[in-house]
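Just so it is clear, none of the values below were taken in a lab; they were calculated from the coordinates. Given the structure is predicted, the values throughout are model-derived calculations rather than measurements. As a convention, Cβ positions derive from the backbone with ideal geometry for all residues, glycine included, and neighbour counts pool all protein chains shown.
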Amino acid sequence: MNPITVSNVSKTFIIKNAEIKALSNVSLEVKQGEIFGLLGPNGAGKTTLINVMLNLLTPDEGEVKILGETPNPDVLRQINVVAGGSQFHWAMTPRDVLNFFANIYNIPNKKERINELVKLLKLEHLLDRKITWFSTGERLRVAFAKALLNKPKLLLMDEPTLGLDPDVARNVRNEVQRLNKEEGMTILLTSHYMHEVEQLCDRIAFIYEGKIVDVGEVKEVKLKHFATYDIILTLDKKPTTAFAKEHGLQVKGNRVRATLHDEDAMSTLMAEVHKAGYLVKDISIKKPTLEDYFIKVLGEQ
Amino acid sequence: MNLHNIISIIKNDALMIRRVKWRLLEVTYFPLTSILIWGLFALHSKQYAVEAGLIVLTVNLFWSFCQLAQQQANMLVMEDLWTFNIKHVLVSGVSEFDYLFAKLATSTTIAITIGTLLLTVANSFGAPLFANIKTVAMLAGIALLGSLALAIIITGIILSVGREYGFLSWSLLQLFIFLSAPFFNRELFPEAIRWITEIMPFTYVFETARAIATGAQVTTGTLWHAFFITAAYFCLAWPFFAWSIKSAKKSGMMSRIAH
């Protein structure tokens with residue numbers, strides 16, 4: 001059983017007599033234990049899809065199954081969600097918030113679990129301070145602690161690092177990886193930070209104007225749009241024209257650029273360079289990033 | 001209905017009220033000063049017409065009680081909307097019904113606590129309330145039922161059409177009170193709209209309150225009439241709330257309101 005199965009989901013909003021197609025026949029599956037990235041520009045339908053999963057929105061057509069069931073209170077108790085910009089009642093303290101949700105989730109050994117999370121997210125010194133005084137990062141740490149209270153089987157993360165300092169964002173990413181690896185937690189992540197998605201996700205789906213454009217492993221979807229990559233070598237001397245022609249190199253002084261199709265081609269080229277007696281002084285590989293992919297797909301659409 | 005969730009929310013609301021300084025004072029301040037003003041008016045008016053002052057005082061007591069019960073429930077919901085706390089609660093497996101039920105329970109507790117204080121103050125100004133405590137208690141129960149029904153309806157409206165309709169939390173009751181003919185006989189309304197008073201939840205509550213204030217006989221029939229109308233409101237409010245949730249989830253308002 002997949003933690004998330006979305007089958008042919010469509011949703012249209014009617015705003016001032018205008019129809020806005022938020023989701024159009026969306027289907028996807030998130031497998032047990034994977035980190036799945038949902039990419040797309042603003043207004044593409046990412047949050048709408050998450051809202052359907054959270055039972056805050058009813059689709060017009062199709063169905064969503066979370067842990068094998070249509071979203072309902074019992075299912076929601078087994079999963080959790082953390083969103084960037086999360087807010088809590090300003091007058092409450094993290095201790096109040098965590099106690100409340102530990103009660104709601106009926107957490108056994110409530111105190112121990114809260115202490116564990118407080119330590120993990122470095123909330124010790126903030127525990128009894130009113131949330132009104134918190135920075136965005138501190139608030140997110142509280143939201144994270146709340147989201148992990150029930151040891152969710154599935155964690156939905158909607159732009160979790162939005163507005164965070166780079167060091168805090170890195171801690172969040174490390175924690176996501178740890179949860180996934182050590183606790184086998186399935187994670188659905190939406191993010192505008194492509195390096196984050198590239199670093200964390202096993203598979204991604206690209207959603208645009210409510211439609212899924214691509215689904216697959218990060219490498220796979222990139223390869224679909226970028227068949228080649230470039231390698232730039234700085235040699236100890238300018239290569240001969242014959243050598244450059246034979247290996248399809250563009251030469252500029254002692255720098256050469258090659259466009260390669262697969263990983264093996266790089267080792268072959270390096271071997272040939274070595275065989276011809278050139279010394280490689282510097283090497284730079286220009287592989288397409290997920291950001292390149294994002295921009296290209298957006299352009300194509 | 002999940003009692004565990006309901007109790008957790010009530011406890012959290014109680015904690016929130018404790019954490020927000022002046023909150024309880026603010027909730028008590030307006031009805032208490034209002035009862036004090038009308039209590040003094042009742043004393044002052046003794047020399048002119050005893051009953052007028054007592055009518056105003058007794059009706060005000062029930063008015064304040066209704067306002068506390070309805071407004072506190074809706075304000076607790078609005079506070080969750082303003083602080084975005086509602087999303088965390090609704091996605092944690094708490095049903096919308098458990099959520100609202102908890103808010104109603106908290107507001108009922110507040111209304112009964114402060115209402116008892118107001119009752120004591122009003123009685124000390126000469127309103128014959130302790131002398132008719134059984135009827136007063138029954139009438140308070142009926143008024144509570146009608147107020148909670150309005151709180152449910154208002155919550156449903158806010159969730160289905162948006163938080164900008166939050167103003168209904170502190171304004172809608174006023175219209176219902178006006179149309180329930182609080183200080184006067186409903187025959188004073190133009191004939192064309194008099195029928196409305198018949199279906200207002202508080203018309204017979206205020207009629208009975210006026211009877212208590214003047215020492216007139218309270219008929220069981222009037223009490224039953226008041227009960228049936230408020231009970232009907234209460235029974236119809238829940239399906240309306242269910243419909244509102246369904247419609248809010250369909251229109252997307254529920255997800256917008258929760259963010």
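Please count how many residues of the range A:268-300 are in contact with a Pro (Cβ under 9 Å, 6 or more places away or on another chain) and part of a loop (DSSP other than H, G, I, E, B). First the steps, then the outcome.
As a first pass, look at the range A:268-300 and keep what is in contact with a Pro (Cβ under 9 Å, 6 or more places away or on another chain): A:273, A:276, A:278, A:294, A:296, A:298.
Adding the requirement that they be part of a loop (DSSP other than H, G, I, E, B) leaves A:276, A:278.
Number of matching residues: 2.
Within the range B:61-86, if we keep just the residues that are touching a residue at least 40 places away in the same chain (Cβ under 8 Å) and not hydrophobic (A, V, I, L, M, F, W, C), the residue that is farthest from B:K103 (Cα to Cα) turns out to be B:S64. Of the helices (runs of 4 or more DSSP H) lying entirely inside the range B:174-259, those carrying at least 2 residues that are more than 14 Å from chain A (Cβ to nearest Cβ) and in contact (Cβ under 8 Å) with a residue 12 or more places away in the chain are B:191-199, B:203-214, B:220-251.
Applying the criterion of being touching a residue at least 24 places away in the same chain (Cβ under 8 Å) and not β-branched (V, I, T) to the residues of the range B:158-171, the residue that is farthest from A:I14 (Cα to Cα) is B:W170. Of the residues B:L3, B:L61, B:L54, B:L76, only one is over 21 Å from the mean Cα position of the chain (by Cα) and buried (at least 16 other Cβ atoms within 10 Å of the Cβ); which? On inspection, the qualifying residue turns out to be B:L54. Selection of the range B:1-58 for residues being polar (S, T, N, Q) and within 14 Å of chain A (Cβ to nearest Cβ) yields B:N2, B:N5, B:S8, B:N12.
Search the range A:40-75 for residues being small (G, A, S), surrounded by 15 or more Cβ atoms within 10 Å (Cβ to Cβ) and in contact (Cβ under 8 Å) with a residue 60 or more places away in the chain, and hand back the single one that is farthest from the other protein chains (Cβ to nearest Cβ). Talk me through it step by step, then tell me what you get.
Residues of the range A:40-75 small (G, A, S): A:40, A:43-45, A:62, A:68.
Subset that is surrounded by 15 or more Cβ atoms within 10 Å (Cβ to Cβ): A:40, A:44-45, A:62.
Next, from what is left, pick out any that are in contact (Cβ under 8 Å) with a residue 60 or more places away in the chain: A:40, A:44-45.
On the way: A:G40: 17, A:A44: 15, A:G45: 12 Å.
Only one residue tops the list, namely A:G40.
Within the range A:210-227, does at least one residue satisfy the condition of being free of Cβ contacts under 8 Å to residues at least 40 places away in the same chain, assigned to a strand (DSSP E or B) and surrounded by 12 or more Cβ atoms within 10 Å (Cβ to Cβ)? Looking through the range A:210-227, at least one residue is free of Cβ contacts under 8 Å to residues at least 40 places away in the same chain, assigned to a strand (DSSP E or B) and surrounded by 12 or more Cβ atoms within 10 Å (Cβ to Cβ). The single condition from (1) at the interface with another protein chain (Cβ under 8 Å from one of its Cβ atoms); (2) over 24 Å from B:I17 (Cβ atoms); (3) among the aromatic types (F, W, Y) that A:Y105 fails is (2).
Within the range A:90-101, which residues are within 8 Å of chain B (Cβ to nearest Cβ) and out of contact with any Lys or Arg (no Cβ under 8 Å at 6 or more places or on another chain)? Once the filter is applied, which keeps residues that are within 8 Å of chain B (Cβ to nearest Cβ) and out of contact with any Lys or Arg (no Cβ under 8 Å at 6 or more places or on another chain), the range A:90-101 yields nothing.
Scan the range B:134-150 and tell me whether some residue there is under 18 Å from the mean Cα position of the chain (by Cα) and of a type in the set (D, E, K, R). Working first, answer last.
Step one: of the range B:134-150, the residues under 18 Å from the mean Cα position of the chain (by Cα) are B:136-150.
Next, from what is left, pick out any that are of a type in the set (D, E, K, R): none.
Taking every residue of the range B:134-150 in turn, none turns out to be under 18 Å from the mean Cα position of the chain (by Cα) and of a type in the set (D, E, K, R).
Please tell me if A:N80 is of a type outside the set (S, T, Y), at the interface with chain B (Cβ under 9 Å from one of its Cβ atoms), touching a Ser or Thr at 6+ places or on another chain (Cβ under 6 Å) and outside any loop (DSSP other than H, G, I, E, B). When the stated conditions are applied, A:N80 does not pass them.
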